[in-house]
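Colleague: Have a look at the structure that comes next, please.
The values are calculated or read from the model by the stated rules, or taken from the named source; none is laboratory data. On a predicted model such as this, the values are computed, not experimentally measured, just so you know. No Cβ is skipped: glycine too gets one built from the backbone with ideal geometry, and neighbour counts run over all protein chains shown. With ligands, DNA and RNA removed, areas are computed over all heavy atoms of the protein, side chains included. Shrake-Rupley method; radii C 1.70, N 1.55, O 1.52, S 1.80 Å.
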Amino acid sequence: MEKSIEINFQTHYETWGNPGEEIKYIWIACHGYGQLAKHFMRRFDVLNPDENYVIIPQGLSRFYLSSDYTHIGASWMTKEKRDVDIHNQHQYLNAVFEQEMKQFENQEVKLVLFGFSQGVSTVWRWAVQKRLTFSKLVMWAGEFPRELNAEMLGFVPEEAKLYFVIGTEDQYYDPDRIQLLSKKMTQLCKKPETILFEGKHEVNRDIILQIALD
């Protein structure tokens, strides 16, 4: 007989930047499948640390990436008990967000949501669950959650900017799929700006900077 139980669970996350009165943008960046927050964090070192504060949560499930047990990655979820995984994600992300935002509660800052690969679905589901007022949302080489509809996205600010980014050598690059995604997002919410770059399934620092300055 299968049963379930709730427990107190300690985990961690990474931050980058110099929190202070000069911070203008808070980034929440969700990594892709098989990555770790401490490595993913390096992608954002192109940003001005006095104006940008980056919060990098980590998928709650860690695992070995190779048979020699030397490299470790993390995953946000699998299809097994996906609803439980999503619930746990939201509990975790909410706790991280609330803890970090306390230091900016008397400041006027803008929120940038960033998802790479598997992190795209993660950050979108969380944004919907918490109804986050974001200024930018970056979908980098990942899938938009199929279960979300126009009613669920009614909270998205009119002035918010959406981006879809992918490398032209990415194994998931498909012009037809990009066009379909753009059409779907336009119907559900608003049309995203598509940004292509020469590269594989990776996060490009130059594009991060381009989005930051947009």
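Colleague: To the nearest 20 debye, what is the magnitude of the charge dipole of the chain about its Cα centre, counting +1 on the Cβ of each Lys and Arg and -1 on the Cβ of each Asp and Glu?
Modeller: That gives a dipole near 480 debye.
Colleague: Further question on the same structure: Just to check I understand the Karplus step: with θ = phi - 60° and J = 6.51 cos²θ - 1.76 cosθ + 1.60, what whole-Hz values come out for region 188-194, glycine and proline as x?
Modeller: Result, rounded to whole Hz: 7, 8, 7, 6, x, 7, 8.
Colleague: Continuing with the same structure: Which pairs, out of LYS24/LYS136; LYS110/LYS190; LYS79/LYS102; LYS24/LYS191; LYS136/LYS184, put more than 23 Å between their alpha-carbon atoms?
Modeller: Beyond 23 Å between Cα atoms: LYS79/LYS102; LYS24/LYS191.
Colleague: Please list the non-local residues whose amide H lies under 5 Å from the amide H of THR194, H modeled 1.01 Å from N, same-chain partners needing a gap of 5 or more.
Modeller: The answer is PHE164.
Colleague: A further question on this structure: Sorted from largest to smallest, which semi-axis lengths in Å does the alpha carbon gyration tensor of region 102-214 give for its equivalent ellipsoid, taking the root of 5 times each eigenvalue?
Modeller: Output for region 102-214: semi-axes of 23, 18, 12 Å.
Colleague: Let me ask something additional. Ignoring everything but the protein chains, give the 1.4 Å probe accessible area of ARG177 in square angstrom, nearest 10.
Modeller: So the heavy atoms of ARG177 present about 110 Å² to solvent.
Colleague: Using only the Cα atoms of region 1-95, build the gyration tensor, take square roots of its eigenvalues as a ≥ b ≥ c, and label the shape rounded, prolate or oblate: rounded if a/c is under 1.5, else prolate if a/b is larger than b/c, else oblate.
Modeller: oblate
Colleague: Which ³J(HN,Hα) values, rounded to whole Hz and listed in residue order, are derived for region 42-59 from phi using the Karplus coefficients 6.51, -1.76 and 1.60 in 6.51 cos²θ - 1.76 cosθ + 1.60 with θ = phi - 60°, glycine and proline given as x?
Modeller: Values, residue by residue: 5, 5, 9, 6, 7, 7, 6, x, 8, 10, 10, 10, 9, 10, 10, x, 10, x Hz.
Colleague: Note down the magnitude of the dipole of region 66-114 about its Cα centre, charges +1 on Lys and Arg C-beta and -1 on Asp and Glu C-beta and zero elsewhere, to the nearest 20 debye.
Modeller: 140 debye
Colleague: Which three lengths, in whole Å and largest first, does region 62-116 cover when its Cα atoms are put on their principal axes?
Modeller: In descending order, the Cα extents are 49, 27, 18 Å.
Colleague: In addition: What figure, in Å² to the nearest 10, do you get for the accessible area of LEU213 with a 1.4 Å probe and non-protein molecules left out?
Modeller: Near enough 140 Å² of accessible area.
Colleague: Rule-of-thumb check for the chain: C-alpha Rg over 2.2 N^0.38 Å? Walk me through the numbers before you get to the answer.
Modeller: Working: Rg = 17.1 Å, N = 214, 2.2 N^0.38 = 16.9 Å.
Taking the Cα Rg and dividing by 2.2 N^0.38 Å, one obtains 1.01.
Colleague: Which cross-chain or sequence-distant (5 or more) residues have an amide H under 5 Å from the amide H of CYS30, H modelled 1.01 Å from N in plane?
Modeller: PHE114, GLY115, PHE116
Colleague: Residue farthest toward the positive end of the dipole of the chain, with Cβ of Lys/Arg at +1 and Asp/Glu at -1: which of ALA29, TRP16, ALA141?
Modeller: Value: ALA141.
Colleague: Amide H of GLY199: which non-local residues (sequence gap of 5 or more, or other chain) have their own amide H closer than 5 Å, using H built in the peptide plane?
Modeller: THR168, GLU169, ASP170
Colleague: Now for a different question. How many percent of the alpha carbon pairs in region 69-153 exceed a separation of 16 Å?
Modeller: Every Cα pair in region 69-153 considered, those over 16 Å come to 60 percent.
Colleague: Something else now. What accessible surface, in Å², does a 1.4 Å probe find on SER4, ignoring ligands, DNA and RNA and rounding to the nearest 10?
Modeller: It works out to around 120 Å².
Colleague: Right, something else. Looking only at LEU111, LEU47, LEU180, which one moves most when the chain is put into a Gaussian network model with springs between Cα atoms under 10 Å?
Modeller: With Cα springs under 10 Å in the chain, the top fluctuation among LEU111, LEU47, LEU180 is at LEU180.
Colleague: Taking the Cα centre of region 1-124 as origin, sum charge times position over the Cβ atoms of Lys and Arg (+1) and Asp and Glu (-1), and report the length of that vector in debye to the nearest 20.
Modeller: Charge dipole of region 1-124: 440 debye, to the nearest 20.
Colleague: I've got another one for you. Per the 1.4 Å probe, what fraction of the accessible area of the chain, in percent, lies on carbon and sulfur atoms?
Modeller: The computed percentage sits at 46.
Colleague: Another question, if that's okay. In region 74-214, if the dipole is taken from +1 on Lys/Arg beta carbons and -1 on Asp/Glu beta carbons about the Cα centre, which of GLN99, ILE86, GLN118 is farthest to the positive end?
Modeller: About the Cα centre, the residue reaching furthest to the positive side is ILE86.
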